[in-house]
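Worksheet for the structure shown next.
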Amino acid sequence: MAILALEDGSVFHGKSFGARATACGEVCFNTSMTGYQEILTDPSYKGQIVTMTYPEIGNYGVNPDDIESYQPHVSGFVVRELSPVVSNWRARQSLDEYLKENGIPGIEGIDTRALTKKLRVRGAMNGMISTEDISDDDAKQQAADWPGLVGADYAKEVTHTEAFDWDSHEQSSEEFAIPSGNDPTPHPPALPPADVPIVAYDFGIKYNILRCLRRHGFQVRVVPASTTAEEVLKHNPAGVFLSNGPGDPAALGYAVKAVNDLVSHGTPVFGICLGHQILGQALGGSTFKLKFGHRGANQPVMDLESGRIEITSQNHGFAVDPTTLPEEIKVDRINLNDQTVEGLRHRSKPIFSVQYHPEASPGPHDSNKLFAQFRELTIRD
């Protein structure tokens, strides 16, 4: 058996899967129908107990090609039904085996619609998940005592500790090619020359971001979250990329200072997710905690310049406050569900950012063009 408790005193009982363990985190939900492996391994989900709204999860198992980082980062995983069958030619193990291997508890068999409705009314809540022998009262107390994400610097915990060159042997960035009856061994498109050197800050960077950067001709040097601007500029980069990541952006003063120094130097900058929030602070703004957060693969975003609507993949619980931004910073994208900031652009410098994930591996891919825009800025500069 397994238990999920929320800070409001709600308790859900279900069947355990994954590791025999207990963990606390922010309980949230994700509306994606596919991509659970990418969700599990996205460092942005550190400190979160993720509920999948799609009713059956695990049917295509787990494979080594779809991971987004060196390990899974969620605190716990909640599903309506864990598929008893794994059926995919790329699968190497089941979801249950994968969570066991990585020490992550899971619960199935609960009413995920009731849980989602509760979170839609109350907002994301602190919670506790356990597949061990824990009483309801103990579970509720642990959920209530967990300090939450506000003030948490998880970037230092998920970042790589040493700098490295991404895909120096060009074996990890090719696009996925699907075999067919006429072509059982298809060849993906050749990678372009890596002729634009950039530095990518790793605040919890996803591998598919690095793949997308390489596919657009960038030679990527990845550096730890705490790297100073002085150290970055020693590489003489044509641009700097600010990655996604977990936790509270207001807790990353060291990163805000580094980015502020890079902005002052005139370096082209492109930020995604947490990188967008860090950039917003470096440009003079502030951030705040969202009641619900945005998580899923169907978030509508409007480009305010063109009027074009993009369907985007998102995972964040904080946002940039537009009322705190200086005049030289333009909000050029908003979320159509709650009108929060989804994009920033400097009016005179080669600097821009988005709150969402243009690199999302399972899709949608409406915003993939942003990597090409970043390349244009680095070349033009």
Exercise. So what's the back-of-envelope 222 nm ellipticity for the chain, counting only DSSP H runs of four-plus at -39500 (n - 2.57) apiece and dividing by all residues, rounded to 500?
Worked result: -6500 deg cm²/dmol
For this session: Provide the percentage of antiparallel DSSP beta bridges, counting only those with both residues in the stretch 1-156; round to the nearest 5.
Result: 60 percent
Problem set entry | Percent of alpha-carbon pairs separated by more than 28 Å within the chain | 44 percent
Exercise. Excluding Thr112 itself, what net charge comes from residues whose Cβ is under 15 Å from its Cβ, given Lys and Arg +1 and Asp and Glu -1?
Worked result: +3
Problem set entry | Theoretical gain in end-to-end length, Glu81 to Val11 [0.36 nm per residue, Cα-Cα removed] | 23.4 nm
For this session: Quick one: among Gly204, Gly307, Gly58, which has the greatest mean-square fluctuation in a GNM of the chain with alpha-carbon springs under 10 angstrom?
Result: Gly307
Problem set entry | Fraction of antiparallel bridges per DSSP, the chain only, in percent to nearest 5 | 60 percent
For this session: Could you check which residue among Thr323, Thr228, Thr340 shows the biggest mean-square fluctuation in a GNM of the chain with a 10 Å Cα cutoff?
Result: Thr323
For this session: Report the extension gain between Glu132 and Ala144 in nm, rounded to one decimal, defined as 0.36 nm multiplied by the number of residues separating them, less their alpha carbon distance.
Result: 2.5 nm
Problem set entry | GNM result for the chain, Cα springs below 10 Å: residue of Val11, Val121, Val301 fluctuating most strongly | Val121
Exercise. To the nearest 0.05, how large is the calculated FRET efficiency for Glu376 and Phe288 if R₀ is 41 Å and r is the Cβ-Cβ distance?
Worked result: 0.80
Problem set entry | Candidate lysines - alpha carbon under 20 Å from Lys349, same-chain residues fewer than 8 apart omitted | Lys257, Lys330, Lys369
For this session: Express the Stokes-Einstein translational diffusion coefficient of the stretch 2-145 in µm² s⁻¹, to the nearest whole number, given a Kirkwood radius over alpha-carbon pairs, 37 °C and a viscosity of 0.692 mPa s.
Result: 221 µm²/s
Seminar exercise, completed: A chain fully extended from Glu162 to Lys257 at 0.36 nm per residue, minus the present Cα-Cα distance, gains in nm 32.2 nm
For this session: Give the range of the longest stretch in the chain that excludes all trypsin sites (Lys or Arg not before Pro) found in loop regions by DSSP and having at most 12 other beta-carbon atoms within 10 Å.
Result: 91-233
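Taken together, the values in this text are just the output of simple stated rules run on the coordinates, not laboratory data. Fair warning: this is a prediction, and the values are worked out from it, not measured in the lab. No Cβ is skipped: glycine too gets one built from the backbone with ideal geometry, and neighbour counts run over all protein chains shown.
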